[in-house]
Each structure stands twice: as C-alpha cells, then as structure tokens.
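Rule-based calculations on the coordinates, nothing more; no lab input. What you see is a predicted model; the values in this text were computed from it and never measured. Cβ placement follows ideal geometry from the backbone for every residue including glycine, while neighbour counts extend to all protein chains displayed.
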Amino acid sequence: MIKVITVFIFFVAGIIVNVPKSELLNGKWIFKKALNKGIDNLGKRSLKSEVINKMTFEFKSNGEFRAFILSQNMKGTWVLSKDSKVILLNTENEDYEFTVLRLTKTELILKVGLGEFLMKKI
C-alpha cells in the first residue's frame, strides 16, 4: 500500500512540474510594482499614475493577447520562447520583446526596457 501511495505522489508531482510555462502565462495580468531601485519621486508618481494597477496584459491560450498600456488598447499575438525567458508580442504596427525574470501561477516579473515590473494574475 505504501508503494502505491509513493508512486501516486511521484506521478502527481511529475504532472505538476511538467506544466508548460506558456500555460502559466495564460490569463489576465496587471502591473503591481516597479522593482527598480533608485527611481526618483517624479518617476514614482508617473508610474503610479500611468502604470501601476492600470496596465494589463491578457494572454490567451490560442496565442492572442490583449493589453491596456499607457491609456491605449493593444492586441496581437504572443509566443513564449522555448526556454521560457522571453515573451514576443506581435501587433499590427510593431513587435515587442520582454524578458521573463520570474513566472509562477500568480506572479510574473518582466524586464521591459530598463525597467523591471512585478505583475499579478487577476
């Protein structure tokens, strides 16, 4: 009986560990915090008024995304690199590349240009 339970535990743990990172990305995310050190007060006010709790991404399992960035709606397609370290966004007008610093079920930390941002799944 103990062997059966042990095998079952390893089986379930294997399934959980092997969830593709792209599936973790599916859903709606909101910018919650700038992680950069040394942001001056003007920068903090600007982030708070335009980015924090306002900018969102919604990644869909069919490879489409929608976003609300700097008071503008965006849409296009997305792909997560094979090593899960880069998100590529393709829009009608431009392509974007974000470095993934951390990705869990509830947290996403992105490097966007010179900034690093914590996003939470909502």
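Gain on full extension, evaluated as 0.36 nm per residue between LYS120 and ASP83 minus their Cα-Cα distance, stands at 11.2 nm. Would you mind classifying region 16-79 by shape? Square roots of the alpha carbon gyration tensor eigenvalues, ordered a ≥ b ≥ c; an a/c under 1.5 is rounded, otherwise it is prolate if a/b is larger than b/c and oblate if not. Note, shape of region 16-79 comes out oblate. In the structure displayed, which of LYS33/LYS82; LYS37/LYS60; LYS21/LYS48; LYS75/LYS111 lie more than 22 Å apart, Cα to Cα? As for pairs spanning more than 22 Å Cα to Cα, those are LYS33/LYS82; LYS37/LYS60; LYS21/LYS48. Label separation (LYS60 vs ASN41): 4.5 nm, computed from points 7 Å beyond Cα along the C-beta direction. Phi angles of region 107-116 translate, via the Karplus equation with coefficients 6.51, -1.76, 1.60 and θ = phi - 60°, into HN-Hα couplings of 10, 9, 10, 10, 9, 10, x, 8, x, 10 Hz per residue; Gly and Pro are given as x. With both labels modelled 7 Å from their Cα along Cα-to-Cβ, the LEU70 to LYS105 distance reads 3.5 nm. Remark: ILE87, ILE122, ILE109 ranked as ILE122, ILE109, ILE87, counting other beta-carbon atoms within 10 Å and listing the fewest first. Stretching ASN93 away from GLU23 to a fully extended chain increases their span by 22.6 nm, per 0.36 nm per residue minus the current alpha-carbon distance. In whole angstrom, note down how far apart the Cα centers of region 70-96 and region 23-68 are. Here the two parts' Cα centres lie 13 Å apart.
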